[in-house]
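Shown next, in structure tokens, is the structure this report addresses.
Every number here is computed from the coordinates shown, using simple stated rules; none is lab data. Computed from a prediction, not measured in an experiment: that's the story for all the values here. No Cβ is skipped: glycine too gets one built from the backbone with ideal geometry, and neighbour counts run over all protein chains shown.
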Amino acid sequence: MMAGNVLKARTIAVLGSREVGKSSLITQFVGNRFVESYQPSVETTFRKVIRYKGHEVEAEIIDTAGQVEHSILSFTHVVGIHGYILVYSVTSKQSFEMVKIIRNKILNYSGRESVPIVLVGNKMDLHHQRQLTFEEGKNLASHWQCAWTEASAKNNDNIIRIFKLMINEMEKDINPNSKELSRKFLNILRSKTFSKLETIASYILTSIVIYCLKYLESRIR
Ligand SMILES: Nc1nc2c(ncn2[C@@H]2O[C@H](COP(=O)(O)OP(=O)(O)OP(=O)(O)O)[C@@H](O)[C@H]2O)c(=O)[nH]1
Ligand SMILES: [Mg+2]
């Protein structure tokens, strides 16, 4: 390791419907290979050191067994996880609906407004079987304010990009820069909790202003 580099440990969970290519994109990233045949996964953890912006990140990547309607998530998929790669297949509208359900579950379990997410539209090589456009993925990610890319585990397209985006999202979450801080502050402003606080704060502020005006008025007289 070069002097000045810091080895950080980060745990990433890869979630999404069955057969969207979660294992394939991890296998391509960690082992540089692609397997055509489908073998449903049992949960497995992979490790890989990722170099990013002068740092070395030791990534622990959890390949989950695909989520189905009744078995969506367990609490272990939220505790101790720094970031989420939510995978859908561009050939399956159903898998796109599933990432929305999974994200809601994560937010509910974690009690947070947002978590570091990279949304991935896999199987972009299957042009003729597309059920989802490029824009649909992009729009969902901008709605969620998360990172997004389409990818192909088969052709090794954008696979490294997924993990670099993930590290970036996790770093933003842990060390937010001023742009991120102001975005988070705006999110708090928009949240329901704040609207009550806001009412109380504006009431207090208005009272102070009225009091000051009355005081000045009395002094002028
Ligand atoms: N054409 C194409 N096929 C892919 C791609 N990624 C995965 N596949 C194929 O899709 C099938 C499912 O891939 P997996 O990686 O096993 O999917 P998974 O999401 O891990 O599935 P579960 O473990 O059951 O949740 C396999 O037959 C893969 O070869 C891709 O980018 N393009
Ligand atoms: Mg799998």
Completion exercise
Honestly the chain on the Cα gyration tensor test (a ≥ b ≥ c root eigenvalues; a/c under 1.5 rounded, otherwise a/b vs b/c for prolate or oblate) is just prolate
Handout entry: For the range 48-63, Karplus couplings with θ = phi - 60° (6.51, -1.76, 1.60), whole Hz, Gly/Pro x
Key = 7, 7, 10, 8, 8, 6, x, 10, 10, 10, 8, 8, 9, 10, 9, 8
Practice task
Could you pull out every residue, at least 5 positions away or on a different chain, whose amide H is within less than 5 Å of the one on Gln67? Hs are placed 1.01 Å off N in the peptide plane, and Pro or chain starts have none.
Solution key: Gly16, Ser17, Arg18
Exercise for the section: Have a look at Gly54, Gly16, Gly137 and tell me which one the Gaussian network model of the chain (Cα, springs below 10 Å) gives the largest fluctuation. Expected result: Gly54
Exercise for the section: Name the residues whose placed amide hydrogens come within less than 5 Å of the amide hydrogen of Thr11, ignoring near sequence neighbours (fewer than 5 apart) on the same chain. Expected result: Glu60, His82, Gly83
Exercise for the section: Go ahead and set up a Gaussian network model of the chain, Cα springs under 10 Å, then flag whichever of Lys138, Lys93, Lys164 fluctuates most. Expected result: Lys93
Practice task
Enter the angle in degrees (range 0 to 90, nearest 10) between the Cα long axis of helix 134-144 and the first principal axis of the Cα atoms of the chain, meaning the one along which they spread out most.
Solution key: 40 degrees
Completion exercise
For Glu150, the residues 5 or more places away or on another chain with a placed amide H closer than 5 Å to its own amide H are Gly121
Practice task
May I ask you to derive the relative contact order of the range 7-174, considering only C-alpha pairs under 8 Å and at least 6 residues apart, and to give it as an integer percent?
Solution key: 25 percent
Handout entry: Per-residue HN-Hα couplings for the range 118-130 [Karplus 6.51, -1.76, 1.60; θ = phi - 60°; Hz; x = Gly/Pro]
Key = 10, 8, 10, x, 7, 6, 5, 6, 8, 3, 6, 9, 4
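Could you tell me what percent of the DSSP beta bridges with both partners in the range 7-174 are antiparallel, to the nearest 5?
Numbers: 10 of 34 bridges.
Here the antiparallel bridges make up roughly 30 percent for the range 7-174.
For Glu217 and Lys184, what does the FRET efficiency come to when R0 = 41 Å and r is the distance between their Cβ atoms, rounded to the nearest 0.05?
Details: r = 41 Å, r/R0 = 0.99.
Working from the Cβ atoms, E equals 0.50.
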